[in-house]
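Reading through the structure tokens given below for one structure.
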Amino acid sequence: MSISGAERLILIPGVRNLRDAGGFPTTSGARVAEALLYRAGSLHELTPEGAERLAALGLRTIIDLRSAPELEVWPDHPLDGAVRFLHLPTFPPRERETAHDARDARDAEAGEETLEDLYAFMSATAGPAIAATVSALAAPGALPALIHCAVGKDRTGVTVATLLSALGVSDADIVADYHLSNAGLGLDRGPVYYVDEHGTERRSRPVHEALMTTFLASLRATHGDATQYLLAHGVTEPELTTLRSALL
């Protein structure tokens, strides 16, 4: 398959930036299985037709990386069948967190601050949330699964990238998949304006490859590789073994 091409995007009414996170070769000579792990934006605009088509993917788990206020304003559309919804926010409340801290994180993701600031913030703080997501994927019966945030670009991007790196996918393929969000969101044509959960107009800016290469470099600088990063933040060796058996 073409790893970076826009034909990888799955067009379902009411879901933005949906695609299979599998299909990539690994350094071991294996390949990440397809139709087991998907990534996307939120499901709050899912249409009845879209819900039917999304259900056809056979999802067992949907992991929502958004904040509690985002979920309150834009709850995911329910799906028929035995689908488990998990809320594992990338930006959980922090001890002594101030309103200014939270606003800075939202503004960075929305493009009001730099994306570089956002990715530095995620490098420093997102480890436990990424690890919790990976552990959830290793639970019995969790797959096929969908990981999403608001638009499936930044929070979803670093989460999926860390998992793919731990599975042995090359940085080049991880970055190509990450960069595809620009086409999936129309950001290849420039910034997209939207109204956030507080009613404030914001803009979402295109990602660029250096954001992800810098994130992966930071992960390695602090922990050696993605596997050690996940283990340091709470993923267990048996969970990684289970995921590798399931996904490779």
For region 177-205, which positions are open to solvent by 50 Å² or more (accessible area, probe 1.4 Å) and part of a helix (DSSP H, G or I)?
HIS179, ASP188, ARG189
List the pairs whose first member sits in region 155-170 and is in contact (Cβ under 8 Å) with a residue 12 or more places away in the chain, whose second member is in a helix (DSSP H, G or I) and open to solvent by 10 Å² or more (accessible area, probe 1.4 Å), and whose Cβ atoms are under 6 Å apart, counting only residues at least 6 apart or on separate chains?
ALA166/THR227
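Where residues in region 23-42 are of a type in the set (A, V, I, L, M, F, W, C) and in contact with a Pro (Cβ under 9 Å, 6 or more places away or on another chain), which of them is surrounded by the fewest Cβ atoms within 10 Å (Cβ to Cβ)?
ALA35
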Modelled with pLDDT of 80 or more and either on the phi > 0 side of the Ramachandran plot or touching a strand residue (DSSP E or B) at 6+ places or on another chain (Cβ under 7 Å) (or both) - does that describe any residue in region 120-136?
yes
Which of the following residues is in a strand (DSSP E or B), within 23 Å of LEU43 (Cα to Cα) and out of contact with any Cys (no Cβ under 9 Å at 6 or more places or on another chain): ILE130, ILE147?
ILE147
Could you tell me which residue of region 206-248 is most open to solvent (accessible area, probe 1.4 Å), considering only residues that are without any contact (Cβ under 8 Å) to a residue 40 or more places away in the chain and of a type in the set (A, V, I, L, M)?
ALA221
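Any idea which of ASP64, ASP80, ASP20 is buried (at least 18 other Cβ atoms within 10 Å of the Cβ), acidic (Asp, Glu) and out of contact with any Ser or Thr (no Cβ under 9 Å at 6 or more places or on another chain)? Walk me through it before giving the result.
Working: ASP64 fails: out of contact with any Ser or Thr (no Cβ under 9 Å at 6 or more places or on another chain); ASP80 fails: buried (at least 18 other Cβ atoms within 10 Å of the Cβ).
Result: ASP20 is the single residue among ASP64, ASP80, ASP20 that is buried (at least 18 other Cβ atoms within 10 Å of the Cβ), acidic (Asp, Glu) and out of contact with any Ser or Thr (no Cβ under 9 Å at 6 or more places or on another chain).
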Does any residue of region 50-59 turn out to be free of Cβ contacts under 8 Å to residues at least 60 places away in the same chain, assigned to a loop (DSSP other than H, G, I, E, B) and either hydrophobic (A, V, I, L, M, F, W, C) or more than 13 Å from ASP177 (Cβ to Cβ) (or both)?
yes
Cβ pairs under 6 Å, 6+ apart or interchain, first in region 175-190 and under 14 Å from VAL158 (Cα atoms), second basic (Lys, Arg) and outside any helix (DSSP H, G or I), ordered by first then second residue, are SER181/LYS153
Are any residues in region 5-17 among the aliphatic types (A, V, I, L, M) and either out of contact with any Leu (no Cβ under 9 Å at 6 or more places or on another chain) or open to solvent by 40 Å² or more (accessible area, probe 1.4 Å) (or both), and if so, which ones?
ALA6, ILE10, LEU11
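The values are calculated or read from the model by the stated rules, or taken from the named source; none is laboratory data. Everything numeric in this text was worked out from a predicted model, so none of it was measured. As a convention, Cβ positions derive from the backbone with ideal geometry for all residues, glycine included, and neighbour counts pool all protein chains shown. Only protein heavy atoms, including side chains, enter the accessible area calculation; ligands, DNA and RNA are left aside. Shrake-Rupley method; radii C 1.70, N 1.55, O 1.52, S 1.80 Å.
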